[in-house]
Each structure stands twice: as C-alpha cells, then as structure tokens.
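Quick notes on the structure that follows.
The values are calculated or read from the model by the stated rules, or taken from the named source; none is laboratory data. Being a predicted model, the structure only gives us computed values, none of them experimental. Glycine also receives a Cβ, built like all others from the backbone with ideal geometry; neighbour counts cover every protein chain displayed.
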Ligand code: 13P
C-alpha cells in the first residue's frame with residue numbers, strides 16, 4: 001500500500017478550493033431525476049447528459065474529481081472518447097461508486113445496511129484498469145426524534161465502511177468514506193449533532209481497527225442540520241458552528257479532506273452552508289463539497305433533455321461549480337446568485 005500516493009490523490013482533489021461532482025446516480029436514482037424533467041431514462045439519454053456535464057468548459061478550475069457509476073465508467077462522448085480518459089485529460093480525477101445500495105437491515109425495521117463487499121477486491125482491480133483513482137461507498141443512517149438510529153445499525157454500517165476502505169487502500173484506490181445521517185424527519189439540529197458525533201466516533205474506531213490509514217481517505221459526511229420537517233430551521237451560521245464543532249471533536253487531523261454531501265439541501269443552501277462552515281476559522285482538513293443534487297438540480301432544470309438548452313445548462317453548471325469553489329474559500333456571497341441571473 002502506497003499511502004503517499006493515496007494522500008496526494010486526496011490533496012489533489014481538494015487543492016485550490018476544488019471539490020467533487022457526484023455523478024454516480026444508480027439506474028433507479030437517475031430515473032427519478034429524469035422523471036422530474038419528463039425525460040426517458042434510456043442508456044443514450046444518460047450518456048448524453050453525462051457528456052453535457054463532463055464537457056462543460058472551465059469546470060476543471062473548480063472540480064478536482066468526478067464520481068462515476070459503473071455504466072458511466074464504460075461510456076464516452078458521441079465522438080468516442082471514454083469518460084474516464086476525457087476527465088483525466090482535463091485534470092479531473094475519475095472515481096467510482098462501488099457500493100451496491102442500501103438495503104433493509106434484517107430484523108431492524110426502517111433501518112438500512114449498505115451491500116457490495118462480496119467480490120469487491122476483484123471489482124476494484126477492474127475499475128483501476130478502467131482509470132478510477134478513488135472510490136465511494138455510502139452508508140445511510142435513518143434518524144428520528146427518539147429511537148433511531150439503533151447502535152447495531154451504526155456499528156453494522158461503519159463496519160462495512162471500514163472493510164470497504166481497507167480493500168480500497170490495499171488496491172491503491174483512495175476511499176471516500178460516506179456515512180450519511182439523513183436530513184429527512186422532524187428532529188432538531190441538536191439531535192443531528194448528537195447522532196452525527198456518535199456515528200463519526202464509531203466510524204473512526206472501526207477504520208482504525210481495520211488498519212485503514214487516515215491520511216489516505218476522504219470523509220464525506222452530512223452537515224449538522226435540522227430535519228427537513230423540523231419546525232425550527234437553522235441559519236447558515238448555526239449549521240456552520242454545529243458542523244465545525246462536531247467535526248473538530250470527532251475527525252482526526254490526519255484526514256486530508258472533508259467533502260460534504262448535499263443530502264436534499266437546495267443548491268443555494270448547500271453553497272451558503274459550505275461558505276459559512278469555511279468561515280468558522282482554520283481547520284486541519286480542507287472543507288469542500290462532493291455534491292450530487294446541489295450541483296445538478298439547476299442543470300437538469302435548464303436542460304430538460306433538449307439539445308437547444310445544452311449551452312444554458314452548461315452555463316448554469318459552471319456557475320454552481322464556481323460558487324461552491326468560492327464557498328470553499330469562504331468568499332461566496334448570495335448576491336452573486338442575483339448577479340449571475
Ligand atoms: P447529494 O449531494 O445529492 O446528497 O449526493 C451526494 C452523494 O454522492 C450521495 O452518495
């Protein structure tokens with residue numbers, strides 16, 4: 001295992017206030033996104049959409065990595081350039097989602113366990129040949145005001161994350177470790193902070209027990225935020241203070257970068273919160289983004305599957321990438337949204 005190499009990949013992804021585009025929607029998830037714009041989820045439409053994203057001029061200034069899905073990893077542009085090569089040539093590191101989804105956790109109603117460990121060593125070797133330099137595994141933690149998550153669900157999920165991360169490091173692939181505490185529900189920000197803290201504490205104990213080297217991972221957590229149905233929503237400043245406090249208590253300084261998921265926040269909210277987090281002071285890790293919906297929702301809304309809208313959609317995509325990069329520097333201002341419009 002070459003930890004220096006994994007560490008430099010991690011640093012390159014978040015260098016110069018760059019972040020990650022999560023474009024690794026599975027078949028059912030991308031269908032949901034296309035349904036919203038009344039577009040058929042055919043293999044060709046998925047390919048056209050990813051081509052639109054990956055060929056947008058200028059994104060390499062703001063994106064250090066893109067996470068692909070198995071199908072996308074094997075696709076390319078209409079003129080035959082494979083997506084992983086296209087991204088690499090633009091200086092954007094290609095990565096791959098390797099988990100096989102969150103399934104019902106037996107005997108634990110409402111809770112989930114992420115599958116995909118069987119055969120993972122062999123799949124990682126193949127993805128490496130196809131050009132992937134990092135991977136992603138998402139664990140999903142349901143939360144409510146009282147009983148969820150159970151300790152067993154947290155332990156089962158961090159155990160799987162640690163086994164995945166160890167296999168990645170063995171293969172020379174940088175693991176992005178994603179424990180997502182969901183923002184569904186009516187719980188307050190305090191409950192999210194308590195659960196996120198507990199999950200991170202259990203996660204780093206499991207990673208350590210599996211001999212995963214902290215310098216050779218990126219952490220992809222949720223922000224500390226109230227549930228979407230909570231009566232008391234929080235200001236960006238409050239989200240930032242709670243998130244920075246939670247991370248500083250539970251994430252070792254050896255971790256090179258923390259790249260947040262957006263988890264259902266609007267595009268603007270995700271940028272505002274990231275900006276506020278970066279304004280809380282100096283931290284041992286780079287604090288950046290690995291957004292799916294918060295980068296892509298405006299793009300899909302502008303594109304709607306129509307060629308004539310492609311230029312505008314790419315313009316909107318570049319803007320979202322730029323604003324999130326500014327947020328990594330704490331230099332975003334929401335007036336920039338109006339100027340752009
Ligand atoms: P969202 O930013 O839409 O939460 O997606 C990020 C991701 O990659 C989830 O695994």
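Within the range 228-242, can you find the residues that are out of contact with any helix residue (DSSP H, G or I) (no Cβ under 6 Å at 6 or more places or on another chain) and within 16 Å of the ligand (Cβ to nearest atom)?
228
Just give me the residues in the range 147-161 being over 13 Å from residue 115 (Cβ atoms) and surrounded by 22 or more Cβ atoms within 10 Å (Cβ to Cβ), in sequence order.
149, 154, 158
Could you tell me which of the residues 225, 277 is part of a loop (DSSP other than H, G, I, E, B), within 16 Å of the ligand (Cβ to nearest atom) and in contact with a helix residue (DSSP H, G or I) (Cβ under 6 Å, 6 or more places away or on another chain)?
Matching residue, one of 225, 277: 225.
Using beta carbons and a limit of 8 Å, which pairs, at least six apart or on different chains, have the first residue in the range 67-90 and more than 14 Å from residue 48 (Cβ to Cβ) and the second one in a strand (DSSP E or B) and modelled with pLDDT under 95?
Correct list of pairs: empty, since none qualify.
Assuming residue 172 fulfils every condition listed in (1) within 16 Å of the ligand (Cβ to nearest atom); (2) in contact (Cβ under 8 Å) with a residue 60 or more places away in the chain; (3) surrounded by fewer than 21 Cβ atoms within 10 Å (Cβ to Cβ) apart from one, which condition is it?
The number of the failed condition is (1).
Here's the yes/no breakdown for (1) in contact with a strand residue (DSSP E or B) (Cβ under 8 Å, 6 or more places away or on another chain); (2) surrounded by 20 or more Cβ atoms within 10 Å (Cβ to Cβ):
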{"site": "199", "(1), (2)": "yes, yes"}
{"site": "203", "(1), (2)": "yes, yes"}
{"site": "212", "(1), (2)": "yes, yes"}
{"site": "217", "(1), (2)": "yes, yes"}
{"site": "228", "(1), (2)": "no, no"}
{"site": "235", "(1), (2)": "no, no"}
{"site": "238", "(1), (2)": "no, no"}
{"site": "242", "(1), (2)": "no, yes"}
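Report, by residue number, each residue of the range 123-163 that is in a loop (DSSP other than H, G, I, E, B) and either farther than 11 Å from residue 202 by Cβ or within 16 Å of the ligand (Cβ to nearest atom) (or both).
Answer for the range 123-163, where residues must be in a loop (DSSP other than H, G, I, E, B) and either farther than 11 Å from residue 202 by Cβ or within 16 Å of the ligand (Cβ to nearest atom) (or both): 131, 132, 133, 142, 143, 144, 145, 146, 147, 148, 150.
Restricting to the range 264-274, what's the tally of residues that are surrounded by fewer than 22 Cβ atoms within 10 Å (Cβ to Cβ) and either on the phi > 0 side of the Ramachandran plot or within 10 Å of the ligand (Cβ to nearest atom) (or both)?
Going through the range 264-274 one residue at a time, the tally reaches 1.
If you take the residues of the range 281-303 that are away from the ligand (no atom under 16 Å from the Cβ) and surrounded by fewer than 24 Cβ atoms within 10 Å (Cβ to Cβ), which of them is farthest from residue 241 (Cα to Cα)?
Of everything passing the filter in the range 281-303, 302 is farthest from residue 241 (Cα to Cα).
Given the condition part of a loop (DSSP other than H, G, I, E, B) and more than 17 Å from the chain's Cα centre (by Cα), answer yes or no: does some residue in the range 164-183 qualify?
Yes, the range 164-183 has at least one match.
Restricting attention to the range 243-263, which residues are away from the ligand (no atom under 16 Å from the Cβ) and closer than 18 Å to residue 289 by Cβ?
Once the filter is applied, which keeps residues that are away from the ligand (no atom under 16 Å from the Cβ) and closer than 18 Å to residue 289 by Cβ, the range 243-263 yields 244, 246, 247, 251, 255, 256.
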